[in-house]
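The values are calculated or read from the model by the stated rules, or taken from the named source; none is laboratory data. Because the structure is a prediction, the values reported are computed rather than measured. A quick note on method: Cβ atoms are made from the backbone with ideal geometry, for glycine too, and the neighbour counts reach across all protein chains shown. Just so you know, the surface numbers come from the protein's heavy atoms only, side chains and all, with ligands and any DNA or RNA stripped out. Shrake-Rupley method; radii C 1.70, N 1.55, O 1.52, S 1.80 Å.
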Amino acid sequence: MIYQGVYRRMPSLWCRLHSTYVKKMRYLSELKEDDVFCKQAQNSGTFYLFHNLSPFLQKVGSKYLAPQISVAEIKMALGRFKENEKIIEDSVLIGCSDECMAYFALDLGSLEKSAIESEFKGSFTELRKAFFQLDGRDAPLLSSAQALLRWHDTHQYCSKTGQPIKKNLAGSKRVCHTNGIIYYPQMSPAVITLVSDGSRCLLARQASFPKGMYSALAGFCDVGETLEETVRREVAEEVGLEVESLWYSASQHWPFLNSSLMIAYHARVQPQQTKININKLELEAASWFSLEEVVEALRRGAKSLKQENGNFSFYVPPKWAIAHQLIQEWVKQQQSVPV
Ligand SMILES: NC(=O)c1ccc[n+]([C@@H]2O[C@H](COP(=O)([O-])OP(=O)(O)OC[C@H]3O[C@@H](n4cnc5c(N)ncnc54)[C@H](O)[C@@H]3O)[C@@H](O)[C@H]2O)c1
Ligand SMILES: [Mg+2]
């Protein structure tokens, strides 16, 4: 790599020559490649704490914040708990500030949870519970941090030799020193599709969803499939409809239950072929919803109200979920269509 080491030799020249974004990306790339450099960054970086994969959060009003804790504070606490400072090397690199101060995530699952909570004045909260109340920057950061920590926790041995595999300091890979095999963190590609017939959109729910919540159709990619093939297959499998056309919207890392890369699409079916045939093994219910119903659901937020006819009104996933963004896009697009 041509830039290897330049940042360290001539930091001021480096900063003048590059935009903040380029500077940050190249800095992070060097940290992933060089354990010695990464060690220095650990000694001046800040840490997001986890306990058995639950992030350490502080509740401020109805919001959750993820505090950054300095390495000095962590060392002091480890000293008090009589824990070896070497545990810091188990952390994983998750980003850096505009000034290139590295952020790490560290799981302190080997220490007593309540002792750390009172030391740093907050609590370890299940990510699923806090995700939708997190600050804008914290949600994606904690989502990738948890995914990386989980991957390292569950990938300790080489699947070929059975020998322990060693994490590099940044946590961007693990290596089997017996045969040189390099393991990189994995995530599963999954598509999420908002199907429309031109005037209505199709939303569905799994039995495991919170009561009243409906979302777009989702499904994991099979080996060998293109994303477009996954969209067509999942729509056919789950609701028995054939997609006529589709177009890409956006993507999102999704930490639940395991690490997925959600790739979001809009899809159209022919207006005369809209009869839903649910796969009961995967879905509890699926229905077509009008623009008015969807707009009302977005306005209401995460509440399921009992209607006069005894049925519950539905709601859609919160704004951090890419399903929400697909639904918002569909509404905008419907509202811009001349009647
Ligand atoms: N971010 C969002 O807005 C949003 C909305 C809805 C769903 N999702 C996520 O989309 C993902 C896929 O949705 P789904 O559950 O309907 O998928 P799905 O329809 O493919 O059904 C899940 C089943 O697929 C099988 N499967 C195949 N490959 C798998 C893999 N790599 N990992 C786990 N299971 C695999 C398992 O049998 C599993 O029970 C889930 O992780 C879900 O949480 C995200
Ligand atoms: Mg599905």
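Scanning region 189-211 for residues being open to solvent by 40 Å² or more (accessible area, probe 1.4 Å) and either within 11 Å of ligand 2 (Cβ to nearest atom) or in a loop (DSSP other than H, G, I, E, B) (or both) gives a total of 7. Tell me which residues, restricted to region 100-142, are small (Gly, Ala, Ser), more than 16 Å from the chain's Cα centre (by Cα) and open to solvent by less than 20 Å² (accessible area, probe 1.4 Å). Matches in region 100-142: 102 only.
The condition of being under 23 Å from residue 327 (Cα atoms), open to solvent by 30 Å² or more (accessible area, probe 1.4 Å), within 16 Å of ligand 2 (Cβ to nearest atom) and not β-branched (Val, Ile, Thr) holds for only one of 241, 227, that being 227.
Checking the structure you have, find out if any residue of region 7-21 is in contact with a strand residue (DSSP E or B) (Cβ under 8 Å, 6 or more places away or on another chain), under 22 Å from residue 135 (Cβ atoms) and surrounded by 12 or more Cβ atoms within 10 Å (Cβ to Cβ). No: zero hits.
Only residues that are touching a helix residue (DSSP H, G or I) at 6+ places or on another chain (Cβ under 8 Å), within 9 Å of ligand 1 (Cβ to nearest atom) and hydroxyl-bearing (Ser, Thr, Tyr) were counted in region 198-221, giving 1.
Look at residue 195 and say whether it is more than 18 Å from the chain's Cα centre (by Cα), farther than 20 Å from residue 38 by Cβ and within 14 Å of ligand 1 (Cβ to nearest atom). Yes, satisfied.
When residue 186 is tested against (1) away from ligand 2 (no atom under 16 Å from the Cβ); (2) more than 20 Å from residue 261 (Cα to Cα), exactly one condition is not met: (2). Annotation: of all residues in region 212-224 being in a loop (DSSP other than H, G, I, E, B) and either in contact with a strand residue (DSSP E or B) (Cβ under 9 Å, 6 or more places away or on another chain) or touching a residue at least 60 places away in the same chain (Cβ under 8 Å) (or both), the one that is farthest from ligand 2 (Cβ to nearest atom) is 212. Can you say whether residue 214 is at negative phi, touching a Lys or Arg at 6+ places or on another chain (Cβ under 7 Å) and crowded, with 20+ Cβ neighbours inside 10 Å, as far as the supplied structure shows? Taking the combined requirement at face value, the residue satisfies it.
Residue 88 falls short on exactly one of the conditions (1) open to solvent by 30 Å² or more (accessible area, probe 1.4 Å); (2) at negative phi; (3) out of contact with any Lys or Arg (no Cβ under 7 Å at 6 or more places or on another chain), and that condition is (1). Checked across region 167-177, the condition of being assigned to a helix (DSSP H, G or I), touching a residue at least 24 places away in the same chain (Cβ under 8 Å) and open to solvent by less than 30 Å² (accessible area, probe 1.4 Å) holds for no residue.
Consider region 290-327 and keep the residues that are at pLDDT 90 or above and away from ligand 1 (no atom under 16 Å from the Cβ). The one that is most open to solvent (accessible area, probe 1.4 Å) is 299. Of the helices (runs of 4 or more DSSP H) contained entirely in region 95-154, those carrying at least 2 residues that are touching a His at 6+ places or on another chain (Cβ under 8 Å) fall at 113-120, 138-154. Only residues that are surrounded by 16 or more Cβ atoms within 10 Å (Cβ to Cβ) and either within 18 Å of residue 327 (Cα to Cα) or within 14 Å of ligand 2 (Cβ to nearest atom) (or both) were counted across region 252-278, and they come to 10.
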